[in-house]
1. Would it be correct to say that LEU67 is surrounded by 13 or more Cβ atoms within 10 Å (Cβ to Cβ) and either within 16 Å of the chain's Cα centre (by Cα) or at positive phi (or both)?
2. Going by the conditions given, is ARG107 surrounded by 19 or more Cβ atoms within 10 Å (Cβ to Cβ), modelled with pLDDT under 90 and not polar (S, T, N, Q)?
3. So, in region 119-140, of the ones that are of a type in the set (A, V, I, L, M, F, W, C) and under 12 Å from the mean Cα position of the chain (by Cα), which residue ends up farthest from TYR69 (Cα to Cα)?
4. From (1) polar (S, T, N, Q); (2) closer than 19 Å to ASN41 by Cβ; (3) in contact with a helix residue (DSSP H, G or I) (Cβ under 9 Å, 6 or more places away or on another chain), pick out the condition that doesn't hold for SER77.
5. Can you find a residue in region 73-84 that is in contact (Cβ under 8 Å) with a residue 40 or more places away in the chain and β-branched (Val, Ile, Thr)?
6. Looking at region 97-147 only, could you name the residues that are among the β-branched types (Val, Ile, Thr), more than 14 Å from TYR86 (Cβ to Cβ) and not in a loop (DSSP other than H, G, I, E, B)?
7. So, in region 79-88, how many residues would count as being in contact with a Leu (Cβ under 9 Å, 6 or more places away or on another chain) and assigned to a loop (DSSP other than H, G, I, E, B)?
Amino acid sequence: MYNKGKLKKISLICDLYTKNKTTINENKYIELINSNKEYLNQKVYAIIDRPIESKPIKEHPEFKYELNYGYIPNTLSGDGEELDCYILGVKDPIQDFTGKCIAIIHRINEDDDKLILVPNDKDYSIKEIEELTYFSEKHHKSFVYKE
């Protein structure tokens with residue numbers, strides 16, 4: 001069962017953080033809450049396939065990852081691939097990471113989620129998460145869900 005108050009809060013967040021004020025139908029909110037909420041406030045292991053400062057896109061040589069970016073092994077996201085994640089609070093390139101999941105970014109235009117992982121002693125506000133992930137999320141309609 002989902003909490004209608006939280007669903008309403010997510011709807012408001014979506015309205016505030018998407019440029020064209022697009023709303024998502026309630027079923028997609030429920031999917032987000034139920035499918036990846038299990039990771040929130042949990043210890044999560046990730047493999048980093050795009051380390052900080054890497055430039056993986058040949059078509060856009062100006063693009064570089066400003067954060068370590070990877071995926072959670074043996075998971076499945078809305079895009080049919082493994083669940084992706086941003087690593088906040090780690091300034092050096094890394095190959096893997098174990099930390100706490102503090103939030104989820106939901107990409108509306110791709111029906112995809114990204115976990116936000118941090119070292120156990122760190123925390124970030126929604127605004128800070130948006131600022132730190134803007135280098136990539138500016139190309140997508142997305143919002144941050146955090147309990």
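The values are calculated or read from the model by the stated rules, or taken from the named source; none is laboratory data. Note that the coordinates shown come from a computational prediction; the quantities given were computed from them, not determined experimentally. Cβ sites come from the backbone with ideal geometry, for glycine too, and all protein chains shown count toward neighbours.
1. Details: surrounded by 13 or more Cβ atoms within 10 Å (Cβ to Cβ): yes; either within 16 Å of the chain's Cα centre (by Cα) or at positive phi (or both): yes.
Taking the combined requirement at face value, the residue satisfies it.
2. Values: surrounded by 19 or more Cβ atoms within 10 Å (Cβ to Cβ): yes; modelled with pLDDT under 90: yes; not polar (S, T, N, Q): yes.
Yes, satisfied.
3. ILE126
4. (2)
5. The answer is no, given that none of the residues of region 73-84 is in contact (Cβ under 8 Å) with a residue 40 or more places away in the chain and β-branched (Val, Ile, Thr).
6. We begin by selecting, within region 97-147, every residue among the β-branched types (Val, Ile, Thr); these are 98, 102, 104-105, 108, 116, 118, 126, 129, 133, 144.
Then keep just the ones that are more than 14 Å from TYR86 (Cβ to Cβ); that gives 98, 108.
Correct list: THR98 only.
7. Here is the first cut: in region 79-88, the residues in contact with a Leu (Cβ under 9 Å, 6 or more places away or on another chain) are 82-88.
Okay, now just the ones that are also assigned to a loop (DSSP other than H, G, I, E, B), so 82-83, 88.
Looking only at that region, the number is 3.
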